[in-house]
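Below you'll find the structure, written out as structure tokens, and then a few comments.
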Amino acid sequence: MHAESTQTLFATEAHNPAFFSVRQVVENQEEPIDFCVPVNRHFPPPSLLEDIQAALPDIVKYYPDYAEVHQEALSQLTGVPAAQIVVANGSTELITMLCQQASGPMATCTPTFGQWTDLPETHGVPVHYIQREAERDHVLSVADIVSVVREKGVRTLVLSNPNNPTGAAMPIKAIRELLRQLSDLPLIIIDESFIDYSNVGSAENMVELARNLVVVKSLGKSLGWHGLRLGYAVTHEQRAAQIRKQLPFWNINGLAAFVLQRVATLRSELRASFAKTDLDRQAFVAGLKTVEKLHVFPSHANFVFVELAPGISGKALRNALLEKHGCFIRECSNKRGSSESYLRLAVNLPAENDRLIAAIRSLLEEQAI
């Protein structure tokens, strides 16, 4: 693999190159390990893939079920009333719609998921940013948020909890207080795409009382198959019905619909996978903390946010990890409010995590970047 290939690979306007492109660049080498996209490595069980293979002729031949069927499956999986659920083709379908229709000005934190910072401006919605500070482990308080909302006259607030990429989280007690103080806002969106990996309580059971609240979730990352493009929102019944009317009639493809039906019967297996990931994260964090020139922040998600010592190029480290060690990581310079001093490292299986730790240590000790 040549450095020119790596530079071309990462010369993209998207937040990162697709894994298929990464695989092509490292062709004839060992399969790269994806530490870029955080996904559940302990789910789904092999039997689910066998079920898909057996049902594939019907999956691709017939239209999938209607939205009500998907809502019921998600209700069975999550315990949320079906009438409060909006099923989507990935969380980004919902994020796009909500940003298009948001009353401005909007406020969100930085750094955070790029769609929440980029899409509003694309659709002409002014955005104010609340910077997360490394000195505070990127944690925001209710007062931090409310002060910006009031000072800037914000009408739409977006908060990712746990936050991506920092892994910082706000406890449910603080979320409840935030909703109380901002009950007059037209819309509050809480993106809980990674909450399954934390011990943080969900706000989804507050939507009937907090009528301005929409909770967004990315299901594909929890299920271990983000290529399915599955996500959903939880909000009060009237708003949920309004959102569903604005979505395409068949916005869930047949494969995603099939998996959703099967997963609804695998609740215990899914919960167990999150517990295993938590143990993997704890070991991963402990290992990363042994690497000099690397500061590791607390994380409530299935990824770890780290800061490199001054003078170390995150881009050079990212490139060297891929070129020399076959490890594909997320360097965060193209996230608003971040820089190339910061990396997001997805939690993988223990042996893979150990391999990345050893590779980072080797490169930093060799001063090869």
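The values are calculated or read from the model by the stated rules, or taken from the named source; none is laboratory data. Just so it is clear, the model here is predicted, and its values are computed rather than measured. Note that we place each Cβ from the backbone using ideal geometry, even for glycine, and neighbour counts take in every protein chain shown. For the accessible areas, the whole protein counts, side chains as well, though only heavy atoms, and no ligand, DNA or RNA atoms are used. Shrake-Rupley method; radii C 1.70, N 1.55, O 1.52, S 1.80 Å.
Looking at this model, which pairs from Lys173/Lys221; Lys152/Lys245; Lys217/Lys315; Lys289/Lys324; Lys61/Lys221; Lys173/Lys289 are more than 24 angstrom apart at the alpha-carbon?
On the way: Lys173/Lys221 26 Å; Lys152/Lys245 32 Å; Lys217/Lys315 30 Å; Lys289/Lys324 22 Å; Lys61/Lys221 26 Å; Lys173/Lys289 30 Å.
In this structure, Lys173/Lys221; Lys152/Lys245; Lys217/Lys315; Lys61/Lys221; Lys173/Lys289 exceed 24 Å between Cα atoms.
Please state the relative contact order of region 131-227 as a whole percent: Cα pairs under 8 Å, 6+ residues apart?
Numbers: 124 pairs, mean separation 24.6, N = 97.
Relative contact order, region 131-227: 25 percent.
Using a 1.4 Å probe and ignoring any ligands, DNA or RNA, find the accessible area of Glu31 and quote it in Å² to the nearest 10.
Counting only protein heavy atoms, Glu31 exposes about 90 Å² to solvent.
For the chain, what is the percent of antiparallel DSSP beta bridges, rounded to the nearest 5? Could the numbers behind the result be given before it?
Working: 19 of 38 bridges.
Counting only bridges with both partners in the chain, antiparallel ones make up about 50 percent.
Across the Cα atoms of region 210-349, what radius of gyration and what greatest pairwise Cα-Cα distance (Dmax) are found, in Å?
Computed over the Cα atoms of region 210-349, radius of gyration and Dmax are 19.2, 54 Å.
Using the scaling law 2.2 N^0.38 Å as the reference, what is the normalised Cα Rg of region 161-234? Can you show the working numbers first?
On the way: Rg = 12.7 Å, N = 74, 2.2 N^0.38 = 11.3 Å.
Normalised Cα radius of gyration, region 161-234: 1.12.
What whole-number volume per residue, in cubic angstrom, does the convex hull of the C-alpha atoms of region 75-119 give? Walk me through the numbers on the way to the answer.
Values: hull volume 5.1 nm³, N = 45.
It comes to 113 Å³ per residue, whole-number rounded.
Suppose only helical runs count, i.e. DSSP H with n ≥ 4. What mean residue ellipticity at 222 nm does that imply for the chain under -39500 (n - 2.57) per run, divided by all residues and rounded to the nearest 500 deg cm²/dmol?
Details: 14 runs with 158 residues, N = 369.
One gets -13000 deg cm²/dmol as the mean residue ellipticity at 222 nm.
Where the eigenvalues come from the Cα gyration tensor of region 153-291, what are the semi-axes √(5λ) of the equivalent ellipsoid, largest first, in whole Å?
Values: eigenvalues 144, 109, 32 Å².
Its equivalent ellipsoid spans semi-axes of 27, 23, 13 Å.
Mind ranking Val214, Val69 by accessible surface for me, highest first, 1.4 Å probe? Working shown, then result.
Working: Val214 0, Val69 55 Å².
Ranked from most to least accessible, the order is Val69, Val214.
Quick one: length gained pulling Asp184 to Gln53 fully straight, 0.36 nm per residue minus the C-alpha distance? Could you put the intermediate results ahead of the total?
On the way: separation 131, 0.36 × 131 = 47.16 nm, distance 5.00 nm.
Here the answer is 42.2 nm.
Run the paramagnetic zone check for Glu269: 7 angstrom along Cα to Cβ, then residues of region 50-82 with backbone nitrogen under 11 Å.
50-52
Sorted by accessible area with a 1.4 angstrom probe, largest first, how do Asp51, Asp58 fall? Please report the intermediate quantities before stating the final value.
Details: Asp51 65, Asp58 95 Å².
Solvent-accessible surface, decreasing: Asp58, Asp51.
So which helices of the chain fit the span-like rule, where a helix is a whole DSSP H run, its Cα atoms reach 18 Å or more along the axis, and its mean Kyte-Doolittle is at least 1.6? Show your work: numbers first, answer last.
Numbers: long enough: 46-61 (23 Å, 0.39); 267-288 (32 Å, -0.26); 350-366 (24 Å, -0.18).
Both cut-offs are met by no helix.
Between Ser313 and Ala11, 0.36 nm times their residue separation minus their Cα-Cα distance comes to what? Could the numbers behind the result be given before it?
On the way: separation 302, 0.36 × 302 = 108.72 nm, distance 1.64 nm.
Stretched fully, the Ser313-Ala11 segment lengthens by 107.1 nm.
Expressed as a rounded percentage, what relative contact order does region 121-171 have, with Cα pairs under 8 Å and six or more residues apart?
Details: 27 pairs, mean separation 15.3, N = 51.
That works out to 30 percent.
Averaging over every viewing direction, what projected area does the convex hull of the Cα atoms of the chain cover, in nm²?
Values: hull surface 73.0 nm².
The directionally averaged projection comes out at 18.2 nm².
Of the candidates Arg155, Arg136, Arg176, which one comes out as most mobile in a Gaussian network treatment of the chain with C-alpha springs shorter than 10 Å?
Residue with maximal mean-square fluctuation among Arg155, Arg136, Arg176: Arg136.
If you count only protein heavy atoms with a 1.4 Å probe, what accessible area per residue comes out for the chain, rounded to a whole Å²? Mind dumping the intermediate values first?
Values: 16280 Å² over 369 residues.
Ligands and nucleic acids excluded, the result is 44 Å² per residue.
I'd like the FRET efficiency for Val69 and Arg211, computed as 1/(1 + (r/R0)^6) with the beta carbon distance as r and R0 of 30 Å, rounded to 0.05.
On the way: r = 27 Å, r/R0 = 0.89.
Efficiency, from the Cβ-Cβ distance: 0.65.
Heavy-atom accessible area of Leu185 with all protein chains present, probe 1.4 Å, nearest 10 Å²?
Roll a 1.4 Å probe over it and Leu185 shows about 10 Å².
For Thr96 and Lys61, calculate 0.36 nm times their separation in residues minus their Cα-Cα distance, and state this gained length in nm to one decimal.
Additional length available on full extension: 9.7 nm.
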